[in-house]
Amino acid sequence: MKIASPATRLFTLVCLVWLSAFTFSCNKKAETGGDSQMISGTTSKTWKASKETTASGDKDKLTSAEKQEQIQFFANGNFTQTSETASANGTWTYSAPNKTLSLTYANNNVSENFTVAELDDDDMKLQAPDGSTLTLKVE
């Protein structure tokens, strides 16, 4: 039986640590809050609702009208929200350290603030102040 040299053991240990770090970082939702570009892309991204829960955590079925709603975030800080019957626009900001997404609607000074519970390039889970959640997927 041959005993591995210290250099070989060190190399193996470094490779294992690197592989473990790489494995755990892949396909993981952004726990650090991600960044604005995950929401808007380099120019824009369109998101649609895929799942909703009530404040108590119960699944809330999306209506067919809600499934048609979408929101497009532009990299310049604007957004457009559309449904079959209406549309609205305004500005948005995202604070990664606080995981807060703020939407301010134009012409009525209404602002909505959400906690971003999960975020990656294709999925975003928003939590409203009442505790209900909405999961969105990139269109």
What's the local net charge at residue 68, with K and R +1, D and E -1, over the other residues with C-beta under 11 Å away?
-1
Assuming 0.36 nm per residue, please report the length gained on full extension of the stretch residue 74 to residue 137 beyond their Cα-Cα distance.
21.1 nm
Obtain the nm distance between the two label points defined at residue 63 and residue 50 by a simple spin-label model: each point lies 7 Å from its Cα along the Cα-to-C-beta direction.
2.3
Once you list every other residue whose beta carbon is under 9 Å from the beta carbon of residue 59, what net charge do they have if Lys and Arg are +1 and Asp and Glu are -1?
-1
Neighbourhood charge, 15 Å Cβ-Cβ cut-off, centred on residue 36 and excluding it, Lys, Arg +1 and Asp, Glu -1:
-1
Only Lys, Arg, Asp and Glu count, each charged at its Cβ (+1, +1, -1, -1), so figure out the dipole size of segment 36-138 about its Cα centre, rounded to 20 debye.
100
Mean projected area (nm²) of the alpha-carbon convex hull when segment 36-138 is viewed from all directions
6.4
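We did not get these values from a lab; they are worked out from the coordinates using the rules stated. Computed from a prediction, not measured in an experiment: that's the story for all the values here. Note: ideal-geometry Cβ built from the backbone for every residue, glycine included; neighbour counts use all protein chains shown.
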